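Here's the structure, in structure tokens; my notes come after.
Since every read-out is calculated from the coordinates, none of them should be taken as a lab result. These numbers come from a predicted model, not from an experiment. Positions of Cβ are generated from backbone atoms using ideal geometry, with glycine treated the same way; all protein chains shown enter the neighbour counts.
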Amino acid sequence: MPDAQRRTSQENGIERMAKRVKPRKEQKHQNLPQNWKFIFLEELAETSNVTKAAAKCGAMTSYVYKHRRENPEFRQKWGAALLEGYEHLEMETLERLRFGTAPGDAKFDIPNALRLLAAHKESAAREKARRGKRDRATVLASLNAKLDKMRERRAAADKLLEADEPVESRASGEQGA
């Protein structure tokens, strides 16, 4: 939609939803390699570019987006790959800011890299929080397992003490006689 039409529809209070692309026939049975998801996620982590990652594994961009919508596990891995890509970009930007670029290095647009990092700061923070929740859940499960073992040991020790009490009370009764 051209900008003039978009402004006109927004001014009239009409919001138009972007049409969702229907899967094309050739998209349904793509001859993708068995490990296409791995290839896609590796390239996404390296480039933070969905189009390049899709091309690398031979998938159509609309197909990978559709797969992300329909597959929660893939969606999580996608988020993790993007977070990794943003971390790479952040480290590369920091390195170039600190040490500059060597002659002959590819051009690196630091202002745009900083804008991109700022724009995706929220999504990166969400992904880090999601990872933290998983780690907290793992820690909590581990602590609960340790507490259960401690309770079992305590119960076993209490049983031993109960079994020893009659012997002790007999022994103290015999001493009193």
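Annotation for LYS107 and PHE74: the two label points, set 7 Å from Cα along the Cα-Cβ direction, are 3.6 nm apart.
Projecting label points 7 angstrom from Cα along Cα→Cβ for ALA141 and ARG126 puts them 2.5 nm apart.
Projecting label points 7 angstrom from Cα along Cα→Cβ for LEU116 and GLU42 puts them 2.1 nm apart.
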